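This report concerns only the one structure given below.
The values are calculated or read from the model by the stated rules, or taken from the named source; none is laboratory data. Being a predicted model, the structure only gives us computed values, none of them experimental. Note that each Cβ is placed from the backbone with ideal geometry, even for glycine, and that neighbours are counted across all protein chains shown. For the accessible areas, the whole protein counts, side chains as well, though only heavy atoms, and no ligand, DNA or RNA atoms are used. Shrake-Rupley method; radii C 1.70, N 1.55, O 1.52, S 1.80 Å.
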Amino acid sequence: MPPLREFQSVVRVAGPILAVSGIDDAGYNEVVQVLLPDGSIRAGQVLESRKGMAIVMVFGGTRDLDCDITAVRFTGRPLTMPVSKDMLGRIFSGSAEPIDGGGSVVPEKEMEISGYAINPTRREFPEDCIETGISAIDGMNTLVRGQKLPVFSGSGLPHSMLAAQITRQARVRGTDESFAVVFAAMGITHEEARFFIHEFSETGARAHAVLFLNRADDPAIERIITPRLALTAAEYLAFDCGMHVLVVMQDITAYCEALREVSAAREEIPARRGYPGYMYTDLASLYERAGRVKGRPGSITQLPILSMPDDDITHPVPDLTGYITEGQIVLSRELHRKGVYPPIDVLPCLSRLMQGGIGEGRTRSDHANVSSQLYAAYARGRRLAGLVAVIGDEGLTDVDRLYLLFLERFEREFVGQRKDEGRSFDETLDRAWDLLSIFPKVELRRIDPKYIEQYYRGEIG
Amino acid sequence: MTESRIIRITGPVVEAEQMRGARMYEVVFVGRDELIGEIIGLHEDVATIQVYEETTGITPGEPVKRSKRPLSVELGPGLLGMIYDGIQRPLTEIAQISGDFIVRGVSAPALPRDTLYRFTPSVSSGDRLIGGAVIGSVPETKHILHRIFLPPDISGTVEGVAEEGDYTVEDTILRLKDDDGTFHEITMLQRWPVRVPRPIQEKLPVIRPLITGQRVIDSFFPIVQGGTASVPGPFGAGKTVVQHQLAKWCDADIIVYVGCGERGNEMADVLRQFPSLVDPKTKEPLMKRTVLIGNTSNMPVAAREASVYTGITIAEYYRDMGYTVALMADSTSRWAEAMREISGRLEEMPGEHGYPAYLGSRLADFYERAGRVKTLSGAEGSVSVIGAVSPPGGDFSEPVTQNTLRIVRVFWALDADLAHQRHFPAVNWLLSYSLYADLVAPWWEKHGGMEWWTMRSELLALLQKENELQEIVQLVGPDLLPEQDKFTLNVAAILRESFLVQSAFDPVDTFCPPEKQYRMMILIYQYFRGGRGAVEAGMTAGEVEKLPVTARLSRMGPMPHDEFDSFFSEVLEEMKAAFPGGEN
Ligand SMILES: Nc1ncnc2c1ncn2[C@@H]1O[C@H](COP(=O)(O)OP(=O)(O)OP(=O)(O)O)[C@@H](O)[C@H]1O
Ligand SMILES: [Mg+2]
């Protein structure tokens, strides 16, 4: 790319987008600096380049820009960020400016924030399971190192609490390798931001954490780069420094709204609900940065959090996310109302990498069978509860009643746990057996008889 | 001549001027880094180009070079066991050049240039050959004899042919004089434009099932060699697992697996498992019959568009050798979205949901390349195509699902509710269908038994009946149902749990041989008939359910195949004893 060039020829401003005329050699994705009439500077990026014209997205928004004085400086470089281990323990803005009063980070390296795709042949298949201490996750949707597992939530649900609890409790059995947490906030409230900072400080995690905060009143378009900055930091820590990095990104919905805003300003043909047709590809460019690489010790595990507008799981943001990530944890308003914490509705939950992470030598040999049986039993319990709501419980058989009892206890005793309670895999599985032992043995069709022999403790066998 | 130059860049789409003479679908090299691109639009001297690599940093004014050839794949020995990106760049070799991450502007030949292959000619000087004739062969693996063809567009007389011996793919193995007197030097390495179907003599009717070892597929909704199938379903419903299961266990000779815009870890999973899994037919590692195309969701979107064509062309090539080939494309929706993204950048008039108006015809053209054929050399080969579809919100009324449904003959509808209960494969038995079922009945009658068609029809009807009864139960509760209906519900539950459920991860049940499928079906069917008779004779459904033989029917799938034979005869006897009046 050519070196620095400056133009004072903004010809059009629309939403977060501006057009600069007279430039013949703007690079696609090149970084620009927009010099405002008041002397302040905002960063931006070239979205489209033509002979004589460049279309630029301004991360800080276009407020106070004009067409006479505003100048645009083309830097000749792609978006990069300085990285260093010294980032640990620091808090940055959504565009990587330190906001914790500390000085700027002395870089060890400059990295392009859009990242590069991991060559699929160089990926190490993730199979080290993480004990989060949460039964609904560990028992039925086990998380593994290098996985991307989002939390689908809704406004007012305790997703932040859950994310903090996982961050606090997560460990890999029998190891104490170095770990780090990277937190990317997109459009979250000051209160939520404070909650996380407080949580991390309380638990001593601060020293291992890097925070990037774009809050609700920060520029919306900045949200497009915040997760990329965070993931670049994570890649450096994981693949250069060999750390196991957990990346929490909240709220993906706010990120997608920023994408939609840019797309609308460019008058692109939208796909569903105004979101751009390339949103799948765009989200994949974030989520696929999770993983492990052969021959490198570190890993990136992602825990993106998104709020489902109207609790609608078919909304484009959760939908496209689910199509890219390796499963999802879904929170339910109904369980939350019932007072169950964490209000995880296990039925729509999934961990696609669970299979490789559990079993003999990893968790316990009965794990897969138990999980499958819990699913079958809970699904049947839910169906019966629905039936009872319509026709009453007269027509039920004795076995049906056991399923209703199971349903009740499962939600309270298995899904439900204290905010400071971390359960080991064994505790989680033992609890599952307590509940499955409500049933006569013949009902446990998904469990190999040898495990029933070993773990069943019911009366009516 | 003035040089061609870039005048506009927007994402993966670039415009260049001074391109007069360029052709549609011609490959070009874009910018100073010579990124690979393909011309997808022409307007006077301006060409619109889709670029197969990241375009960051490219500026207007950079040069564009023409290649004067269409986007093609390299064909020849050495394809098996390879993993390529969407435009056939070999990913393992690319990693050796550029490391763990894919950077721009790196390329490597698709087929190794220095490997020696044992070539045995099958023609001699003076022979007259027409395009597509076999000129010799190379043992590519222990079981795959790789036939070398005369390119389909050349005919003439053999002037000289290499002796049996070791050659690289670039060595001349045949000299041919065509009818115009022009000489052609033929090598084992040949190119074929991906968007053009390879020619054949004629399409043949499909006859034989493609056995997959998945009960709900083989026994209920079968696919055939040379057939087409589609697997739509919301995220997490099991499309990829179905595709992987087919790639592992279906009885094709060659598998082409296209990971189109999906996850990197899924490709890593295949690469991890296939080399150590054994092909039940040949006892060779599965990787040796497989070609992988992996253009994951974070790799360039234009190359994703190309990936399915790259895959199907390679599939056709092995078909031409007379093999049974199966191609899996996961997911065709990502391919359609790539088309949409490119079309959007071209500012074309959108059709439904922003997809280009030609979506339907592109899908049809693609599936049309499946089939059982008589090849130019007279052999019989087939390509089966199984495409996953990822409908937004799991709603099957969207354009990709609907356009696909119009073309394919088998529809395995995956269902979120079943997946949530962990009923896998989550194939919805009420929505799914196979238009090949009656075609494969003779095969089943020969390899299973004469009852196949009757049992299949009655068991499907049983599931249909269950659905109706459940609607009644929703209104009045289960108690008021007549005993016969209660019994129907019980058998349907057994059929679902013991027959339709099949875990891909169970070491035994991951593959169920057709003979076992048939026998499992017999047991359930006999239980159904016997129990029905018993209830008619006065037993309650509850009493039948408590019979010891009922419990015997659960967990048949995971039972080791060699134990199953004696189990089968035993239970059949028990059933006779339990339902003495039974059999009707
Ligand atoms: N036959 C099966 N046996 C056991 N488990 C299965 C089976 N099919 C699917 N699953 C489970 O469902 C999960 C999701 O399946 P899969 O990844 O194939 O979904 P998908 O439809 O391809 O989703 P996406 O559209 O997001 O790619 C798997 O990780 C696995 O846990
Ligand atoms: Mg999939």
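Overview of results
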quantity	calculated
Positive-end extreme of charge dipole, the protein assembly as shown - chosen from A:A432, A:A185, B:I524 (charges on Cβ)	B:I524
Cα centroid of segment B:364-425 to Cα centroid of segment A:139-158, whole Å	31
Geometric extent, Cα atoms of segment B:448-578 - Rg, Dmax (angstrom)	15.1, 46
Quotient of Cα Rg and 2.2 N^0.38 Å for chain A, N being how many residues it contains	1.10
Solvent exposure ordering (accessible area, 1.4 Å, most first) of B:M539, B:M287, B:M188	B:M539, B:M287, B:M188
Pairs of Cα atoms farther than 20 Å apart, segment B:5-70, %	10
Net charge over other residues, Cβ less than 10 angstrom from the Cβ of B:V206 (K, R count +1; D, E count -1)	+4
Theoretical ellipticity at 222 nm over chain A - DSSP helices of four or more residues, -39500 (n - 2.57) apiece, nearest 500	-8500 deg cm²/dmol
Degrees between helix B:239-249 axis and first principal axis of chain B (Cα, 0 to 90, nearest 10)	90
Spatially proximal lysines relative to B:K446 (Cα-Cα < 21 Å; intrachain offsets below 8 disregarded)	B:K281, B:K516
Accessible area in the full protein assembly, largest first, 1.4 Å probe, for B:W453, B:W192, B:W335	B:W453, B:W192, B:W335
Listed residues B:Y355, B:L553, B:L75: farthest to the positive end of the dipole of chain B (Cβ charges)	B:L75
With DNA, RNA and ligands ignored, accessible area of A:K294 (1.4 Å probe; Å², nearest 10)	70
Partner lysines for B:K486 [C-alpha distance under 16 Å; skip if fewer than 8 residues away on the same chain]	B:K465, B:K546
Stokes-Einstein D (µm²/s) once Rh is taken as the Kirkwood radius of segment B:117-188 over alpha-carbon pairs, at 10 °C in 1.306 mPa s	131
Semi-axis lengths, Å, segment A:313-414, gyration tensor of Cα atoms, sqrt of 5 times eigenvalues	27, 20, 12
Per-q log10 I(q)/I(0), the protein assembly as shown, q = 0.07, 0.08, 0.09 Å⁻¹ (Debye; single scatterer per alpha-carbon; no solvent)	-0.67, -0.87, -1.08
Tilt relative to chain B, helix B:483-494 - C-alpha long axis, 0 to 90 degrees, to 10	40
Alpha-carbon centroid distance for the pair segment A:62-118 / segment A:376-411, whole angstrom	55
Positive dipole terminus of chain B, leading residue within B:T168, B:A95, B:A229 (C-beta point charges)	B:T168
Per residue convex hull volume, Cα atoms of segment B:314-429, in Å³	125
Ranking by accessible area, most exposed first, for B:F366, B:F568 with a 1.4 Å probe	B:F568, B:F366
Qualifying lysines (Cα of each under 17 Å from Cα of B:K374; at least 8 residues distant if same chain)	B:K203
Lysine pair number, Cα distance threshold 18 Å (strictly under), chain A, separation 8 or more or different chains	4
Between segment B:164-178 and segment B:502-520, the alpha-carbon center distance in angstrom	46
Heavy atoms of A:Y275 accessible to a 1.4 Å probe, total area in Å² rounded to 10	10
